[in-house]
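Taken together, the values in this text are just the output of simple stated rules run on the coordinates, not laboratory data. As the structure is a prediction and not an experimental result, all values here were calculated from the model. Note that we place each Cβ from the backbone using ideal geometry, even for glycine, and neighbour counts take in every protein chain shown.
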Amino acid sequence: MSMRTLPLLFLNLGGEMLYILDQRLRAQHIPGDKARKVLNDIISTMFNRKFMEELFKPQELYSKKALRTIYERLAHASIMKLNQASMDKLYDLMTMAFKYQVLLCPRPKDVLLVTFNHLDTIKGFIRDSPTILQQVDETFRQLIEIYGGLSAGEFQLIRQTLLIFFQDLHIRVSMFLKDKVQNNNGRFVLPVSGPVPWGTELPGLIRMFNNKGEEVKRIEFKHGGNYVRAPKEGSFELYGDRVLKLGTNMYSLNRPVETHMSGSSKNLASWTQESIAPNPLAKEELNFLARLMGGMEIKKPSGPEPGFRLNLFTSDEEEEQAALTRPEELSHEVINIQATQDQQRSEELARIMGEFEITEQPRLNTSKGDDLLAMMDEL
Amino acid sequence: MFRWERSIPLRGSAAALCNNLSVLQLPARNLTHFGVVHGPSAQLLSAAPEGVPLAQRQLHAKEGAGVSPPLITQVHWCVLPFRVLLVLASHRGIQMYESDGSTMVYWHALDSGDATPVQAVFARGIAASGHFICVGTWSGRVLVFDIPAKGPNIVLSEELAGHQTPITDIATEPAQGQDCVADMVTADDSGLLCVWQSGPEFTLLTRIPGFGVPCPSVQLWQGIIAAGYGNGQVHLYEATTGNLHVQINAHARAISALDLAPELLSAAEDTFVHIWKLSRSPESSYIEVEHCHGECVSDTQVCGARFCDSSGSSFAVTGYDLAEIRRFSSV
């Protein structure tokens with residue numbers, strides 16, 4: 001609906017991805033210099049100027065499938081590899097985390113503070129790399145310029161657009177369940193206590209006025225919640241106290257990140273058009289991917305740095321098991337591009353993909369393993 | 001006191017829109033129709049008094065160019081003197097159907113001519129006024145359609161200017177007589193309200209300025225305008241003068257829906273639904289309000305709320321991600 005949603009969606013999901021990868025790199029005891037290189041490579045690719053230029057163009061939101069392809073490419077921008085099952089889990093965690101943050105934003109405009117929280121932490125990851133830091137600051141400034149002046153109505157539209165994107169996603173995440181921010185049915189807890197949004201009065205008061213605008217009567221009523229005043233407004237500057245905690249790194253306590261696939265919404269598959277139709281919109285989304293990935297500069301892994309595989313699960317067996325038992329409706333299949341007749345577009349995409357030097361992907365024994373790169377090779 | 005009645009299941013969850021529930025009461029047939037927007041589709045269903053679902057139908061927005069299927073912004077039944085039409089507003093245009101959704105009788109494509117690339121183009125805000133149907137648009141213009149007593153010969157008769165930001169909601173009521181000719185209110189994303197008099201040509205009577213937050217939902221009844229705002233407040237204005245008479249700090253999050261007759265129903269993203277009793281002071285005849293009842297729809301961002309009968313003894317709500325219509329009736 002809103003044409004300005006994609007940058008916010010992309011940057012926040014990207015931020016969550018980095019939080020999770022950072023946590024797993026530490027949990028898997030990857031040596032510090034390798035871990036730093038992975039994060040630096042990914043962040044530098046994410047904030048590449050040409051890529052950001054494409055991202056910030058006014059456009060509709062693309063499907064979850066199309067977006068996942070970008071993140072899969074991003075996650076492989078360095079010496080690290082992820083199996084399909086781990087990539088699936090990563091994407092699930094990213095999407096559920098940002099869905100939670102959007103839902104709980106007190107004001108629609110606060111999604112910008114959430115974005116700034118992500119960027120602030122990302123800057124912490126790369127504080128020793130001044131060039132990448134500059135790229136991130138550049139994007140920060142662009143966000144302030146474009147979103148700083150938007151009206152409350154425009155932010156409400158952005159919020160609605162984001163919520164439509166996340167509709168019907170009810171994957172249960174252990175950490176959310178333990179912290180009691182998510183119920184067992186996968187729905188998030190919406191508290192009826194705490195600070196009211198900045199600019200909102202405490203509910204519970206009725207004021208009545210005469211024709212001259214003078215207050216003539218005042219009554220209180222019981223509104224059912226337990227709210228307090230908002231302490232102060234978060235900062236929308238390049239540096240400042242955001243006040244809001246949503247979008248800060250919840251994984252820093254080194255907690256295991258499991259997702260439960262059972263109990264997720266049964267409505268998922270049958271109603272979303274993108275999963276039943278043989279994706280007649282693949283061509284439009286291909287164009288989007290070509291434009292976006294054309295702007296992505298993936299450095300070829302050079303030197304003696306050998307790659308390594310990151311596992312989002314606690315063991316290889318668990319990862320294999322997850323791949324085999326993933327419910328059909330949750331499979332994040334990459335876009336089927338066989339339907340395309342646009343020869344020139346396919347060739348261009350093949351050329352772009354060819355520039356991404358990815359060493360052999362370990363293939364899991366699943367039918368869902370085909371990815372975009374493999375399909376390009378077959379063209 | 002209200003109690004939770006049996007919910008009506010939906011095939012798809014409700015989208016996070018405002019005013020996302022339309023109800024058509026058919027007391028003669030002992031039926032109630034419900035309309036809910038899911039996203040690219042809207043669901044219509046009819047239910048018996050106890051809430052037993054009897055029939056359902058799914059409608060889609062007309063396809064067009066674009067990346068994904070066009071989204072519907074609102075679905076609403078318009079009760080006109082000689083017929084009832086179901087109107088669907090989307091990002092492509094306006095579709096009008098017979099009241100059961102079986103036949104489309106009219107399609108109006110939105111003109112996105114002067115939209116900048118960054119503006120979303122859509123129709124939103126639907127209301128019937130006499131034999132007219134008024135639909136709001138992204139530019140702030142309100143389209144007025146002249147509806148014949150039967151048949152598809154619907155004509156766009158006027159485009160009302162008065163708003164500069166996207167329309168959020170429109171409310172109408174039959175004119176109250178000589179002293180109050182205001183019979184339509186339009187609201188927009190900036191919180192501005194325009195009060196109109198309907199007719200072969202609509203006349204703008206008053207403007208009530210906003211204060212920095214959208215007004216997603218508005219109602220008009222017996223010369224009283226009830227407006228819900230993005231900061232959780234509900235304001236009551238006298239339609240003739242535009243004067244503010246009541247300000248309620250009603251909710252802790254943005255209001256998403258209002259219904260009025262004879263009680264006022266307010267619903268918001270804070271999970272609460274409140275019912276208020278409206279009256280006029282016997283001495284001054286100023287509008288007065290008291291709170292009657294509050295209901296918490298746990299962990300649900302309410303996006304639609306309507307009374308299900310004309311006495312206000314039962315109401316229904318929809319919520320984001322919720323695949324059912326929750327019903328409540330008074331005990």
With Cβ to Cβ distances under 13 Å as the rule, what net charge do the other residues near B:S279 carry (K, R +1; D, E -1)? -1
With at most 15 other Cβ atoms within 10 Å, longest stretch of chain B clear of loop chymotrypsin sites (Phe, Trp or Tyr not before Pro) (DSSP): B:83-210
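If you add up the charges near B:L143, with Lys and Arg at +1 and Asp and Glu at -1, over every other residue whose beta carbon is less than 13 angstrom from its beta carbon, what do you get?
Details: positive: B:R124, B:R141; negative: B:D111, B:D146, B:E158, B:E159.
That sum, taken over residues with Cβ under 13 Å, equals -2.
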Take the Cβ-Cβ distance between A:E145 and A:S315 as r, set R0 to 56 Å, and report the resulting FRET efficiency rounded to the nearest 0.05. 0.75
In Å and from the alpha-carbon atoms only, list the Rg and Dmax of the range A:26-144. 15.1, 41
Averaged over every viewing direction, what's the projected area of the C-alpha convex hull for the range B:1-142? Give it in nm², one decimal, please. 10.2 nm²
Extension gain B:T240-B:E201, at 0.36 nm per residue separation less the Cα-Cα distance, in nm? 12.2 nm
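Taking 0.36 nm per intervening residue step and subtracting the Cα-Cα distance, what contour gain separates A:L324 from A:L133 on full extension?
Result for the pair: 64.7 nm of gain on full extension.
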Which distance in nm do the two modelled labels at B:T116 and A:L205 give, with both placed 7 Å along the Cα-to-Cβ direction? 3.8 nm
If a/c stays under 1.5 just call it rounded; otherwise compare a/b with b/c (prolate if a/b is bigger, oblate if not). Do that for chain B, with a ≥ b ≥ c from the square roots of the Cα gyration tensor eigenvalues. rounded
In nm², the average projected area of the convex hull spanned by the Cα atoms of the range B:1-71 is 6.2 nm²
Pairs over 30 Å Cα to Cα, from A:K178/A:K245; A:K34/A:K232; A:K37/A:K64; A:K212/B:K277; A:K65/A:K232, come to A:K34/A:K232; A:K65/A:K232
From the P(r) of the protein assembly as shown, can you give the percent of Cα pairs sitting at distances over 52 Å? 13 percent
Roughly how many Å is it from the Cα centre of the range B:307-331 to that of the range A:41-59, as a whole number? 46 Å
What does the charge count around A:K222 come to, taking other residues whose C-beta lies under 14 Å from its C-beta (Lys +1, Arg +1, Asp -1, Glu -1)? -3
Pairs of Cα atoms farther than 23 Å apart, the range B:73-168, %: 19 percent
Take A:L238 and B:R3, extend 7 Å from each Cα along the Cα→Cβ direction, and tell me the distance between the two endpoints in nm. 6.3 nm
Given springs between every Cα pair under 10 Å in a Gaussian network model of chain B, which of B:K62, B:K277, B:K150 has the largest fluctuation? B:K150
Whole Å is fine, so just give me how far the alpha carbon centre of the range A:144-186 lies from that of the range B:1-74. 23 Å
Can you compute the helix-only [θ] at 222 nm over the protein assembly as shown? Use -39500 (n - 2.57) per DSSP H run of at least 4 residues, normalise by all residues, nearest 500 deg cm²/dmol. -8000 deg cm²/dmol
Each label point is 7 Å from the Cα along the Cα-to-Cβ direction; what then is the distance between the points at B:R11 and B:S329, in nm? 2.7 nm
